[in-house]
Every structure is written in structure tokens, then in C-alpha cells.
Amino acid sequence: MSGSGAGMSLWRYAAMRIVQSLPLILGIIVINFLLINLAPGDPVTALIGDFPAPAEYIETVREQFGLDQSLGVRLLTYIGNVLQGELGFSFNYRVPVLELVLARLGRTLVLMITTIVFATAVGLGLGIMAAKWKDSPLDKFAVGFATVGYSIPVFWSGQLLILLFAVRLGWLPSSGLRSTRVAYEGLALYGDMARHMILPVLALSLRYIALTTRLTRSSLIETLNSDYVVAARTRGIPATRILWNHGLRAAATPIITIIGYHFTFIVAGSALVETVFGWPGVGRLMYESIGARDYPTLLGILLMVSIAVIIVNLITDIVYAYIDPRIKYD
Amino acid sequence: MKHARKNMVVFALLLLLVTPAIFGGGATERPVTVRDDMVIALGSDPEHLNPAITTGYPVAAVTADVYSALVWRDNEGTPQPDLARSWDVSAGDTVFTFHLHDNVQWHDGEPFTSADVKFSMDEVLSQYHGRFERIYGRIASIETPNDSTVVITLNEPYAPFLISLTVFDAPILPKHIFEGQNVFDHAATTAPVGTGPYRFVNWDRGNQIVLERNENYFGDAANISRVIFQMIPDENARTVALQTGEVDYIWGFYLPSAGLAELRADPNVEVWQGVRIPALHFLFVNNDSEPLDNPLVRQAIMHAIDRDLIVDLAMEGLGNTAIGPMGAAFPYLYDESFDLSNLYPYDLERARALLDEAGVGEFELTIVYDSGRPAFADAVDIMRDGLSNIGVRLNLQPQERSVMIESVYMQRNYDLSMQSFTSGGDPSIGYHRIYITQAFGTPFVSATGYSNPEVDELLAEAAITVDLGRRGELYRQANAILAEDLPLFPLFEEMSVEANNRELTGLRESLDVRDKIGRARWAD
Amino acid sequence: MTELRRIAYYFRRKHFAMFGLILVLALVTVAVLAPHIAPNNPHAVSRDRFLSPGADARYPLGTDNLGRCVLSGVIYGTRVSLFVGLAAAATSTFIGILIGSISGYFGGKTDAFLMRFTELFMTIPRFVLALIVVAFFGSGLDRLILVIGVLSWPGAARLVRSEFLSHRNLPYVDSGRVSGMSHLRLIFVEILPNIIPPVIVVATLDVATAILLEASLGFFGLGDPNLRSWGGMLSRAQSHIRTAWWMSVFPGSAIAVTVLGFNLVGDGLNEAANPRMQIEGGST
């Protein structure tokens, strides 16, 4: 790719984008920090139980968490710490934030990645079939499904899935990460976890299946109507081969767009889905941390999610540029 | 670990694609129970595991059987020997001599001595424990004449002194571990070393905490070898887990009232309800805010709150409304003559008449409550409907807990505020603070602005009166005044509820059900 | 004007778009007439709780855990959802127009700075931030609108910017500039009216997103407690999902239908405003 006519190599483009992200991250830290610290309410009150606490205790706690210093000092200290990879110490859980968030992040990522893979596969398939048999009943179904699926709130689809598969049919567990009592091992453990994942993943997938179906279908139709495909068709190349050779390449771009630019929505969606299904991931942690006024944890989650979004956007842009060299790196 | 997680992801993905076929059926049979453990549901992780530096519920829930204290309280509330095998009380009720067991070991093998008791009280509890701090102020000295004797001298008699020495108010920490250390971030604050029937094994945050039987326990060894505290944040999921047998025991604190009907109908589940440690739900009334400064208006509003409906709908029946200003669960302080359900029944006509008499028209009141308590939200919705019938508009302001604390206790920026206070096992521990004259700015005491020297005096005397007959008389006098003045609106006395696997027995041996879970056993 | 007329023409020919429009108009009617068509006071509690739909003629869609009428709650909830959705979308569109037009019109450093700023807002996880702000600062209706509006403008800003970029060097703008028109006049009087159609499309879709966001916050118990809202109803339904399905199904359907309505209208406008799609013949 280097030295292509676009004026800038892919690597230089990536490096430039990374450098550009740094002030972005700084801005995010400052905004989050100020917002959370200027909120009414005192985090110390969340830490002391429900009896009047000794004044000495309150002082000690305040000092211990550095809350006795001025806002500016705290902000600078925080930025300094973050630069050294220090996200601080959780008020609520009394462990380092990084450790806490990473432990939960794994569980959320399992949910998110499974959703992305599953939704992409289904949406792609549905979109391809809809485009191939345009205006057929299948196409009409796909279009209808995509439109409706896009309009249903994830937490409600979650409730409906629980109603159907857990309450009515009793096929699947309605919540949790795995069975509590039976200590499954090896394969059985994965199977048990997978069973717990089915409903949350389905709930979370609906919107992305809808989006992927829509975009796959419309970009395929666009490609199949394009001059070169029409030309290929007149040369007698089989329709299926045209679909695979030209159509899918065209569909790749919108799908990357969805994964990349809708990443924040998946983040929000998992917070909701984790609540509906009692999945102990970052979303739950965030919700608990709001209730507990756990500023360092909240900031840590916001920061890590933002950085994840930046990275995913960056990758999306680079892959985008790679797939479609016409895009100028600017 | 990292490798395992990666494999797990890949495998989960593969499985998911073929799942419906593989996992279609046979999902709901009860798992075979391994009957040598007991799973107790918690809502979320405790902040830490050091009961000496907080009065919060979940910390004590996990550590009540890891640590011990001088005494524990039986079902009647009577103090029983724990670390102290016996005690003598001096004639004037001020000198307590505790004789300790002398074969007690900490979980790390170090011997337990009277020095641990003195250290815990002098160095930790007195500074960091909300309830013990107040007791400590009444202590003149703590002496340790030898390794197995502790002598505590009080300034003056204090009726609830002995019952304030349980693991919930005065857990004994290991001196050899905490001495000279910062208790807040010491490792033993999250991985406790105690003297109790269970020892701490590990804590997988967000998932579970595991305890195992202490084979060197100085008392009767626990029946069940492992106790697992399982974090289940979703309240529905907790009740479902009990029904499917994944969880054996849920305390009222974590039991959503919404799921009770279903649990009561389940033959495998035992639902227990009753009053254990009395707790009062009430509305703080800002006595300085117009028109609430008028007693007639306060009485009118009390008449327009359908307290029975609140208990039946919002609390699923778990409450008693036939109470005086300090409830009715301590029989010695209650009398029908000041029962609020007799004095202020739900009566909109009477309420309107009282408002007319007070000469106030329609007005709006702001009610502040903790947004994290769904039952409060339901109760407030019921009150709003009732009050709208007498021309009082309730403006609902649910606030995140620490914001609520700020508005109610610090700034007193509220008209009404729904609260629940525990008695702590004795009215002088938990209820005096609601009614006595208080300086503003301290959370969890009276925020009403009410000040009645007569009440203050009666309650102060009741606290140091050990004779129950005389004590009750003082309380009844105070309650009669409070029922008339109505500085706040008592709603109901909370009834605790618990649910457990029916085959689990030996529960609730102690007044606070979190204590003595070592006595639980599986039915044969 | 002819442009709008042309869009209206194409719009009318799209069945799905007209269906969406009918849904939206019906919902607006329900919202306006709520006090007349709701069978009960939505806040009135009663001992007749957990009545299933049809069990009692007074409560066609049943009652909730406090014996409140679910149908009346759904009807009054329309008001909250539409009001928040429209007001928040108006707020975000307004901010978006302001930032996007300045950025696109002036270009250069102003543009670079404002686009960095926009990117910042696109990167911050919007829902998470909304949740924190509403939880800590309180959840009155005004605050909900403000939070949702302030967190949702980047889409509109980027669109307006790109439209301005393509207009800024057109002859009519150049001649205006030569004749000494002020920047303000050029931006708001000359260029802005020409880019109204795409802005309306984005604004319509923003209404749908805002309604979803409000419902999601309500689901976390962070709606305005003084009003019956769909998200709030679903939040309570979560605790009773195993016994009272109707507490979840009806408010949830209401959200889905409303969001669907605005999405269909937005899609229809988009296709009608975008001739290329016409040629393609692709519907949604």
C-alpha cells in the first residue's frame, strides 16, 4: 500500500490518527471528571453505612480517597495517574479500578463479540437472500423484520425473550452467568455458560441483525444494478458467482461501518441487557457504581469504554481505507 | 487464565451457532444438590469484609460468622456467651467483668487473648464504627488484668450495653494483624482472619465469596462445611435461583417483595416472616417548612396517607401499621392509647376538615426519597394518590442516596422524606435519634427540626434506666407526647421476611439471622 | 419550496412512509386527547392489582402492582415519549445546525476545531453519560430533554457541515459575499433554507432515537417519577415479569410502534429527498 497515489501511506495515516486521538482522550477525561465531581452529593456518605458515622471516620475516609483536596488538584493528579496507567482505587470495592474493570470486561466482551459475530452472520445471510430474490415474499419479510427490529428497545426484547423462553417454555435460564450450584467442568462448563448467553445475545442482536440486513441488501442491490455487473451478466457469468465476487465485496464496507460506528450502541445495549439478564459485566458494574458513588470506578469505565470506541473507530477507518483505496486519507 | 478465556470465547461462539439443536430441551430439572454446602444470595459485593469499620448490611452479612464478639443474641434478644464464656455485673450496673474462653485461636493459628478485645474497642471500633462509637463514649475504661479477662467500666448505667457487644456492633479483630496498620487498605480488610465458625477462603468479585468450616472453632463446629455467598444483582433472578435450587437461602434485605407470592406457592421453598430486629418506616417532616409547621396540617396529612394500602401493595403485606411513634415490637413501650392507626385512621373527610380548621388551601409538598428503593417509589405513588384527594400535590423527587442524604440531612431542602431506621435491637440505639433534639448536619438522625425538652429528658432517662418496668413507663410518656405532636409520620413497623430451601433447618437461631449460620443443617 | 413539494410527492407514493405518518399522527392525537380517552386516572391506585387484561371491564389492559390502569398509563405515556422525543430532537438539531453551519461555512481552523469537538461528543458513550448525569443531577422532564438533546447533536452537526461545505462555494453564495452580505445573513438566510430537507430527515430519525433513550433511562428507574412513562412502566414490569406479562408487553409495544412510526417517516423522507435511491428503486 505504501507509496500509493493517495499521497500518504496507510501507516502514516494510522499514526496520524493515533496522534490525533490523544487530545480527544484528554478531553474525555476532563469532561468526565468534571461532570462526575461537580455532581451534587458526597461520595463519603455512600461509604459509611446507615448510622451516623464518627466525624473522625468521615475525615479519615475523605483523606484516604483524596477528597479533601481541591478539584483542580484532584483533576491534575488523576490525569497524571492515568498517564501512568493508574486508574485509581475503587471507593466501593477497595480494589484497584483497573483490576476490577478488566475482570468484568471479559464477561461483557464475550457477550458483545458473540453478538457481533452472530448478528453479522444472520444479517448478512438475510440481506443476501433478500437482495438475490428481490421483491419476493422473503425479501418483504427481511425488509419488514429489519424495520421493526430496528425499532424495538433491547431491554424490552430481553423481557419478551424471558417471557417466552424462560417463563413460558422453560427452555433456557433467565439470568446469570452460569449455574450456581453445579460445578461444571471442562466442556460442560462452556455449555452451561453458552446456555446462559443465548437469550442476552439474542436480545442484543436484534438491532444489529436489522441494521446489517438493511445495509447488506441495499448495497448488494446497488452493486447488482451497476453497469459492470450488468455487463458481466450479459457475458453469461452465473448469477451466484457474480453475487459472491462482486456483491459481497460491496457489502463488506457497510458491515464494517456498522461494527465500527455502532460500537457505542452495543456498549449501551449491553448495559441494558446485563440488567435484564443479571449478567455480571461492565454494564452492571457501572450501574452499581452509580448507586455507590464510586467515582474512580465510574471514571475508569467511561475512560476505558471511550478508548475502546476510539480504537474501534480507528481500526474501522483503517480497514475502510484498506478495502476502498479511493478514500483519501484526510 | 488468559488462554482459557480465549478458548472460552471461541468455543462459546461455536456453540452458539449450533445451540438451538443442542440445548433445545431438558433445561429446567433441578440440579442434583451437593448437600455439604449452603448458597446464600447477596445482591452485590460488599464494599470490603471488615465489620469493624462500617455499619453497612452486606459486610456484616458475610463476616458475622467469620468474626466473633463477646456475646451473641438469641431469638429472644437475650445476650448469650460467645468469646466471653461468662460475665459478672457490679451492683451499680457499671462494671462488667468478662471471662473469656481460653482455647480460642485466630484462623491463622495465633491465640486469641483479652488484648484483642481491648485493641478492637480502643483502636478501631471507637473510631470507625457508627454504633460502637456512641457506646464507647459511655465507657470509662477497658482493662485486661490477664489474657482471659476483660473489665469494662461505664460512666453510668446504660441499659442496652450488653446487647451492644455482638458481632454487629463490636466484632473483635486480631490485634496481631491490624495493630499499627491502616485498617482501610490492609489485606485483612478484604480477606478477613477471624475466630468464628467459618474461615474466609476466597472472593471472586461480582460472583461469589466462599467460606469453609473452621475445624478449630472454640464452640460447636458448623454443620455445613462450605458457605457460598452468591452475588445475584437482579432481584428476580434471586427468587428464581431459590426456586431452581441454585440458591438455598435469601435474607429479607435481598428478597424482593414482588416475588413473594410465587415463593409462597412453591412447595420446595419455606417463606418465614415476622418481626426480628424492629425497624420503623416513616416520613420525616420538615417542621420549619410552611404549612407543615402547623400541627393541624401534619395531622391532616397523616389522615390522608393510606398506610394499610402501602403495607399491602408496596410492602406485600410485610408491615404492621398498628403502632405508636416507636412502633409496637418492644411491648414495654407501646400502649393502645397512642396507637396511630386509632388516632389517625385513613379518613379523607377528617383530613379535609383539619385543613379547613388550619385555614390552608391547596398546596404542594416535595417528597424526597432514595431512588434505589423500589418499595419506596411504590409507597410514594400510593401517598401521592391519597393526598391528591385533599388538594395536596406531591412533587416526587427520588434522589440517588448520597444526594438524598445531602438534601435531607445537610441542607434540609425537603418537605417530606421517606426513610427507614432500624432500632438496632433497642429503642435507645436506633429510635431516640429520630426524635431527640439534634443539631443539623449529621446523616441518619432527626432532620425534622423538632425539639421538645420534655421528650429529650424522658428518653435520656430511659437510656440509663435498666429496670424494664420503669423504662417502659418513661417510653410510654414520651410516646404519648410524640403521637400528639406528630413531628414525623410513622408509617409502619417493618416485618422481616426470609425464604430458604425447605430442607435447610436450624436457621434463625439468632436475633439477627446473619449470625450463627453455622447451626444450619440439611434435613436428612 | 419546489424541492419540498417534490419530496412530498415522492413521500406520498411510499406506502410504508405513509403508514409511518399515520402512526405518528395517531400517536399525536392520543397524546393530545389523553384525558378524554384514558378510562382512568393513570395515577389512581387500587386494591384490584395484577388484574389480567380483560379480567375487569374497567381495566381493558389490566392493572399493575399498585392496581393502576395499564391502558391509561400507556395512553398518558404517549405524552411523555412524544414530548421528550420532539423536544430533545429539536434541541439536538438546533445545536447541530449551529455548530455544523459555522464549521462548514468558515472551514479551515474553525472547522478543524469544531469537528474535533464533535468527535469528542461522538466518542463519549452517550447512554452511559446520560445515565450518570440523570442519576446524579435528578430526572425531571426538563433535565431529560436537555441531557438527551445535548448528547445527540453530533449527527446533525456533521450533516449540516457537509451540506455547507458543498454550498459555500456555489455561485449564489459567492455573489452574496461579493455584494457585502454579512456572514450571519449568508449562513442563516441564504444557505440554511436550502439544506432543510436532509436536516428534517436527520431530525425525524433523532426523534426515534431520543424516544428510545428516554425509555432506556426510564427502564433504569431514571424517568420523571411525576409522570407515567413507558420506560418507567417497563422498569416496574421487570420485577413482575414472571407473573404479570401485560405490565411489560403493552408499554413495550407502545415504544416499538412509536419508534417504528418515526423511523418509517424518516426513511420515507430520506428516500424521497434522495433521488439516487429513487432510481435504485430500493425501499428501506
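The values are calculated or read from the model by the stated rules, or taken from the named source; none is laboratory data. Computed from a prediction, not measured in an experiment: that's the story for all the values here. Positions of Cβ are backbone-derived with ideal geometry, glycine not excepted, and every protein chain shown enters the neighbour counts. Surface accessibility is based on the protein's heavy atoms, side chains included, excluding ligands, DNA and RNA. Shrake-Rupley method; radii C 1.70, N 1.55, O 1.52, S 1.80 Å.
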Practice task
Tell me, yes or no, whether the range A:80-101 has at least one residue that is touching a helix residue (DSSP H, G or I) at 6+ places or on another chain (Cβ under 6 Å), within 14 Å of chain C (Cβ to nearest Cβ) and in a helix (DSSP H, G or I).
Solution key: yes
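What about A:G191, is it outside any helix (DSSP H, G or I) and more than 20 Å from A:G123 (Cβ to Cβ)?
Values: outside any helix (DSSP H, G or I): no; more than 20 Å from A:G123 (Cβ to Cβ): yes.
Considered against the rule, which asks whether it is outside any helix (DSSP H, G or I) and more than 20 Å from A:G123 (Cβ to Cβ), A:G191 comes out as no.
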Exercise for the section: Evaluate the following for C:A57: is it open to solvent by 20 Å² or more (accessible area, probe 1.4 Å), of a type in the set (A, V, I, L, M, F, W, C) and not in a helix (DSSP H, G or I)? Expected result: yes
Handout entry: Positions within the range B:383-415 being of a type in the set (D, E), without any contact (Cβ under 8 Å) to a residue 24 or more places away in the chain and away from chain A (no Cβ under 14 Å), in sequence order
Key = B:D385
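Only one of A:T253, A:T275, A:T264 is within 14 Å of chain B (Cβ to nearest Cβ) and either among the small types (G, A, S) or under 30 Å from A:L109 (Cα atoms) (or both); which? It would help to see each step written out before you state the result.
Values: A:T253 fails: within 14 Å of chain B (Cβ to nearest Cβ); A:T264 fails: within 14 Å of chain B (Cβ to nearest Cβ).
Being within 14 Å of chain B (Cβ to nearest Cβ) and either among the small types (G, A, S) or under 30 Å from A:L109 (Cα atoms) (or both) holds for just one of A:T253, A:T275, A:T264, which is A:T275.
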Practice task
Inspect the range B:116-132 for any residue being more than 30 Å from B:M38 (Cβ to Cβ) and hydrophobic (A, V, I, L, M, F, W, C) and give the result as yes or no.
Solution key: yes
Completion exercise
Out of (1) more than 10 Å from every other protein chain (Cβ to nearest Cβ); (2) within 30 Å of B:A439 (Cβ to Cβ); (3) not in a helix (DSSP H, G or I), the one B:G361 does not meet is (2)
Practice task
Please indicate, with yes or no, whether at least one residue in the range B:485-506 is out of contact with any strand residue (DSSP E or B) (no Cβ under 9 Å at 6 or more places or on another chain) and touching a residue at least 12 places away in the same chain (Cβ under 8 Å).
Solution key: yes
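Looking at the range C:131-142, can you tell me whether even one residue there is of a type in the set (S, T, Y), free of Cβ contacts under 8 Å to residues at least 60 places away in the same chain and closer than 27 Å to A:T297 by Cα?
If we filter the range C:131-142 for residues that are of a type in the set (S, T, Y), which is where we start, we get C:139.
Within this subset, residues satisfying the condition of being free of Cβ contacts under 8 Å to residues at least 60 places away in the same chain are none.
No, the range C:131-142 contains no residue that is of a type in the set (S, T, Y), free of Cβ contacts under 8 Å to residues at least 60 places away in the same chain and closer than 27 Å to A:T297 by Cα.
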Problem - Of all residues making up the range A:105-157, the number that are closer than 12 Å to A:S205 by Cα and either in a loop (DSSP other than H, G, I, E, B) or within 9 Å of chain C (Cβ to nearest Cβ) (or both) - result: 7
Practice task
Taking the options A:L204, A:L220, name whichever one is touching a residue at least 40 places away in the same chain (Cβ under 8 Å), among the aliphatic types (A, V, I, L, M), within 14 Å of chain B (Cβ to nearest Cβ) and open to solvent by less than 10 Å² (accessible area, probe 1.4 Å).
Solution key: A:L204
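For the range B:139-157, indicate whether the set of residues that are assigned to a helix (DSSP H, G or I) and either of a type in the set (D, E, K, R) or closer than 23 Å to B:H107 by Cα (or both) is non-empty. Lay out the reasoning, then the answer.
Filtering the range B:139-157 down to residues assigned to a helix (DSSP H, G or I) leaves none.
Taking every residue of the range B:139-157 in turn, none turns out to be assigned to a helix (DSSP H, G or I) and either of a type in the set (D, E, K, R) or closer than 23 Å to B:H107 by Cα (or both).
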Problem - Matching residues, the range A:58-81, being among the hydrophobic types (A, V, I, L, M, F, W, C) and closer than 28 Å to B:T442 by Cα - result: A:I58, A:V61, A:F65, A:L67, A:L71, A:V73
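Residues that are at the interface with another protein chain (Cβ under 10 Å from one of its Cβ atoms) and on the phi < 0 side of the Ramachandran plot: find the strands (runs of 3 or more DSSP E) completely inside the range B:180-283 holding 2 or more of those. I'd like the intermediate steps shown before the answer.
Values: elements: B:198-204, B:208-213, B:226-231, B:269-274.
Where strands (runs of 3 or more DSSP E) fall fully within the range B:180-283 and carry at least 2 residues being at the interface with another protein chain (Cβ under 10 Å from one of its Cβ atoms) and on the phi < 0 side of the Ramachandran plot, they are B:198-204, B:226-231.
Residue-by-condition table, conditions (1) of a type outside the set (A, V, I, L, M, F, W, C); (2) within 15 Å of C:L82 (Cβ to Cβ); (3) within 13 Å of the chain's Cα centre (by Cα); (4) modelled with pLDDT of 90 or more:
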| position | (1), (2), (3), (4) |
| --- | --- |
| C:P197 | yes, no, no, no |
| C:A208 | no, yes, yes, yes |
| C:F219 | no, no, no, no |
| C:E271 | yes, no, no, no |
| C:Q278 | yes, no, no, no |
Exercise for the section: Could you tell me which numbered condition B:S114 fails, if it satisfies all but one of (1) under 21 Å from the mean Cα position of the chain (by Cα); (2) surrounded by 20 or more Cβ atoms within 10 Å (Cβ to Cβ); (3) of a type in the set (G, A, S); (4) in the same structural domain as B:V151 (by TED's automatic domain parsing)? Expected result: (1)
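Go through B:G274, B:G252 for me and flag whichever is open to solvent by 20 Å² or more (accessible area, probe 1.4 Å), over 14 Å from B:L504 (Cβ atoms) and modelled with pLDDT of 85 or more.
Values: B:G274 fails: open to solvent by 20 Å² or more (accessible area, probe 1.4 Å).
That would be B:G252, the only listed residue that is open to solvent by 20 Å² or more (accessible area, probe 1.4 Å), over 14 Å from B:L504 (Cβ atoms) and modelled with pLDDT of 85 or more.
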Exercise for the section: Write out, first by first residue and then by second, each pair whose Cβ atoms fall under 6 Å of each other, whose residues are 6+ apart or on separate chains, and whose first residue, in the range B:118-133, is under 12 Å from B:F178 (Cβ atoms) and open to solvent by 20 Å² or more (accessible area, probe 1.4 Å) while the second is part of a helix (DSSP H, G or I) and of a type in the set (A, V, I, L, M). Expected result: B:Y128/B:I53
Problem - Single unsatisfied condition, B:V271 versus (1) out of contact with any Leu (no Cβ under 6 Å at 6 or more places or on another chain); (2) β-branched (V, I, T); (3) not assigned by TED's automatic domain parsing to the domain that holds B:V71 - result: (1)
Problem - Checklist (1) in contact with a Lys or Arg (Cβ under 8 Å, 6 or more places away or on another chain); (2) assigned by TED's automatic domain parsing to the domain that holds B:W106; (3) closer than 24 Å to B:P58 by Cα applied to B:A170, failing item - result: (1)
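Would it be correct to say that B:R508 is more than 30 Å from B:L154 (Cβ to Cβ), under 26 Å from the mean Cα position of the chain (by Cα), assigned by TED's automatic domain parsing to the domain that holds B:Y254 and open to solvent by 60 Å² or more (accessible area, probe 1.4 Å)? Don't jump to the end; show me each part of the working.
Details: more than 30 Å from B:L154 (Cβ to Cβ): yes; under 26 Å from the mean Cα position of the chain (by Cα): yes; assigned by TED's automatic domain parsing to the domain that holds B:Y254: yes; open to solvent by 60 Å² or more (accessible area, probe 1.4 Å): no.
Here the answer is no, as B:R508 does not meet what is asked.
If you take the residues in the range B:423-450 that are open to solvent by 40 Å² or more (accessible area, probe 1.4 Å) and at pLDDT 90 or above, which one is nearest to B:L474 (Cα to Cα)? Working first, answer last.
Pass one, the range B:423-450, residues open to solvent by 40 Å² or more (accessible area, probe 1.4 Å): B:436-440, B:442.
Pick out the ones that are also at pLDDT 90 or above and you get B:436-437.
Numbers: B:I436: 14, B:T437: 17 Å.
My answer is B:I436.
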Completion exercise
A:R74 passes all but one of the listed conditions (1) crowded, with 17+ Cβ neighbours inside 10 Å; (2) within 29 Å of B:A60 (Cβ to Cβ); the exception is number (2)
Practice task
Considering every residue within the range C:148-162, establish whether at least one is in contact with a Pro (Cβ under 7 Å, 6 or more places away or on another chain), touching a residue at least 60 places away in the same chain (Cβ under 8 Å) and under 27 Å from C:T123 (Cβ atoms).
Solution key: yes
Handout entry: Checking C:G138 against (1) touching a strand residue (DSSP E or B) at 6+ places or on another chain (Cβ under 9 Å); (2) away from every other protein chain (no Cβ under 14 Å), the condition it does not meet
Key = (2)
Practice task
Starting from residues that are aliphatic (A, V, I, L, M) and in a helix (DSSP H, G or I), keep the ones in the range A:284-302 and report whichever is nearest to the other protein chains (Cβ to nearest Cβ).
Solution key: A:I290
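Looking at B:A91, is it among the hydrophobic types (A, V, I, L, M, F, W, C), modelled with pLDDT under 95 and over 30 Å from B:F229 (Cβ atoms)?
Details: among the hydrophobic types (A, V, I, L, M, F, W, C): yes; modelled with pLDDT under 95: yes; over 30 Å from B:F229 (Cβ atoms): yes.
So B:A91 passes the test.
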Practice task
Determine whether B:V360 is modelled with pLDDT under 95 and among the β-branched types (V, I, T).
Solution key: yes
